[in-house]
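Following: one structure in structure tokens, then a few remarks.
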Amino acid sequence: MDQAQNRHKTRRRLGLASALTVFLLLGAVQLGEAQRVRIEFDDYHGYDGTVDSIEDVADEYPNITELVEIGRSTMGRPIYVLVISNMRNGTTIDQHVQLRNMRKEGVDNVTPMKSYHGKPGVWIDGGTHGNEYTGTEVTLYIIDKLVSGYGSDDAITQLIDDNTFFVCPIVNPDGVYNSVQRGISQRQNSMERDDDEDGRINEDGPDDLNGDDLITSFRYRDPDGRYYQDENDPRIMVRIGRGEEPDPERERWSVIPEGRDNDGDGRSGEDPERGIDVNRNFPEGWFRDDNTQGGSGFYAASSPEAKTILEFFTNHTNILMVQSFHTSGGFTYRPFARWPDSEIHATDLGVFDEIMKPKYLELHGEDASDNLWRHPYNDDQGRPYGFGIFIDWAYAQFGSYSMTTELWNWRRDTRGLPGYSGEEDRGVWYRALLENSASVTDETLFVPWERYNHPEHGQGEVGGFVSKYVGGNALPGESLLHVAEIHWQFELFKAGLLPKLEISDASAEVLTTAADGTRVVKVTATLKNTGPLATHVARGADLAGNRDDAIWLIGDRDRVKYLQGGAWQGLGVLDGTMEIPGYSASTPRGGRAQAQAQMPAFMRQQGPPDAEVSGDGDTRTVTWLVSMEGSVPLKLVLTSQKGGTKVQNLTVR
């Protein structure tokens, strides 16, 4: 275990001890607060610290959390999802409808669903790019707010009772581990490969030249270099802008990561552990228009991280909201990166731009502008932002409201840094950071430059900023908490938009009774979605693996016969109660129910006539006729893939 890990564990244990002391001093009034797992934000957690935190949360809150290992990275580090939901309520369709193979009875090799599969789901992730760990910190903040608010905040309690949050703090464990704990900025995942084709694997990465246990920089004078020393503080290196003509009066420098040529091929750092960009490895828009490779990897989902996420989603189809946290810039992208807006259904554009965007801008206050809410495809030039991007897949193929947030704008979001007041000049920010580093962290933030005779580049100096504090991530402490709070509030808002199903006005009325006791019963039920959004995105029910909402009428299969309607009845997609600009309940959404009605008669489902279904928008009323032998209990199960499952028992009158 390295020193940073030891320091983090010590702080965490001291925090827990302090909380216990407060409890003993203040008594039972402070019980809820003392039970919280202390998650501090005075420094970055890294991979190990994050795992420690979510393990502690899972141990402390077993009734509302479950920690699941969903896969492993190239280097064998587990990828975790913390499931947050009331584990003592909820139900799923397989708890009520027996799985049965008519040709081979007794087959029991299907893994039962868990109760949280039967609730609308929210996915939140961070750390897809290893050096963008602000997202990891924000997911930990959201976890802390959810679990500590359960039982004390009515709104949070209701959200956790009714829905499921799947929080994956680190999608790319190797990248985050290297970036935070080893100090080697690594956007990509890790791969064991021979980048320089010399027959050796990962033999030439960064090196700690001066033996201080930190990877910083090496700077040396170079007439072709792309850096100057800052005119006010020579410790700071200023990059010459792209396309900027260098000033002939100023001395030029090159700045490279601390390292040497380990394999004698005349290059340094050309065969590190880094692999591919995970967020260009998903199977939506991975190819260019000419069918050549656009995304990363040997093929789409070739990385263990992307494959793991895809498999998890395939087995958790209740997810309707998807949030992926990255850095930096301080804005949110909604789909598409690969395609123009003409490929997005107008209803979904209404949800993104007319419902979500205003709230996002509101949360940013006076500094908000339309530029904080974007879609990355370049409409003016007809140019994709990228290929094989996660949120494109999550929307287009999975059917979720997906978005990526580039957290942290150094000018707008810096808080609590003496000497900086929001100036546009990054030099002012760097100088304030150097002079007041203790206000940000008690760890080493800057290493003074020291002379070093580099084996390849000659005389120069080793030192500079420690990359994890200046690589585009929110500064620890007040700045990080400011960013995290804004996006926690946005997640609360989005979770409040989820569908919410209910069964109302259900009845079972006996119409006739035969001499042998067989009864004909009329069953009627009104079904509603009282949540703001529909149970699917506009084309969600049409996507492979998705389905329409349905209502089941369940009774003893040997004693109940369906005269009108079958055991289940498709309902199409139940709309939400919120008015969405550009959408009317009379506008067809598509879906299999519509497609079934348009089929030739000989291709339609065979069996008894359909149940009588009336209503549209957020409400349906369904009527069956069944015959029953004797007294048989009946049960209604309203099931929606992304809208949840509700059950009501019926008493026959």
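The values are calculated or read from the model by the stated rules, or taken from the named source; none is laboratory data. Here the structure is a predicted model, which means the values were calculated and not measured. Here the Cβ positions follow ideal geometry from the backbone for every residue, glycine too, while neighbour counts run over all protein chains shown. Protein only, heavy atoms only, side chains kept; ligands, DNA and RNA dropped before computing areas. Shrake-Rupley method; radii C 1.70, N 1.55, O 1.52, S 1.80 Å.
Per-residue counts of other Cβ atoms within 10 Å, averaged by peptide: what ranking do you get for 287-300, 523-536, highest first?
Listed from highest to lowest mean packing, they are 523-536, 287-300.
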Per-selection Kirkwood Rh - segment 147-297 (Cα, Å, 1 d.p.): 19.8 Å
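Sort 348-354, 58-64 by packing, meaning the average of other beta carbons within 10 Å per residue, with the highest value first. Kindly include the intermediate steps, with their values, before the conclusion.
Values: 348-354: 19.3, 58-64: 15.9.
Going from most to least packed, we get 348-354, 58-64.
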Part-to-part distance (alpha-carbon centres) for segment 384-422 and segment 449-504, which is given in Å: 11 Å
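Beyond a 20 Å Cα-Cα separation, which of these cross-linked pairs lie in this structure: 114/642; 494/642; 528/642; 119/528; 357/642? Don't skip to the answer; put the middle values down first.
Working: 114/642 15 Å; 494/642 14 Å; 528/642 14 Å; 119/528 15 Å; 357/642 22 Å.
From the list (114/642; 494/642; 528/642; 119/528; 357/642), the Cα-Cα distance tops 20 Å for 357/642.
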Amide H contacts under 5 Å for residue 454, placed H, 5+ residues apart: 459, 460
Two-site label geometry, residue 366 and residue 222: point separation in nm, points 7 Å out along Cα→Cβ: 4.4 nm
Residue (of 304, 386, 550) at the positive-pole extreme of the chain, dipole from beta-carbon charges: 550
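I'd like to compare 117-124, 364-371: which one has the highest average count of other Cβ atoms within 10 Å, and what's the full order after that?
Numbers: 117-124: 25.5, 364-371: 11.0.
Result, highest mean first: 117-124, 364-371.
Measuring with a 1.4 Å probe in the full set of protein chains, what accessible area per residue, in whole Å², belongs to the chain? Let's see the in-between values first.
On the way: 29120 Å² over 653 residues.
For the chain, the solvent-accessible area averages 45 Å² per residue.
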Computed P(r) (all Cα pairs; segment 202-273; 5 Å bins; percent): 4, 15, 20, 19, 17, 13, 9, 3, 0
Under the span-like rule (Cα at least 24 Å along the axis, Kyte-Doolittle mean at least -1.0), DSSP H helices of the chain: 3-26, 478-495
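First compute the accessible area of segment 160-302 with a 1.4 Å probe, then give the percent of it belonging to carbon and sulfur atoms.
Details: 2870 of 6900 Å².
The computed percentage sits at 42.
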Dimensions in Å of the chain - Rg and Dmax from alpha carbons: 28.8, 109
Three principal axis lengths of segment 487-556 [C-alpha, angstrom, descending]: 66, 28, 19
Solvent-accessible area, 1.4 Å probe, carbon plus sulfur percent, for segment 305-441: 42 percent
Positive-end extreme of charge dipole, the chain - chosen from 637, 80, 49 (charges on Cβ): 637
Values of log10 I(q)/I(0), in the order q = 0.14, 0.21 Å⁻¹, for segment 99-181 under a Debye, Cα-only, solvent-free model: -0.66, -0.94
Column: log10 I(q)/I(0), Debye, Cα scatterers of segment 288-427, q = 0.14, 0.22 Å⁻¹: -0.78, -1.43
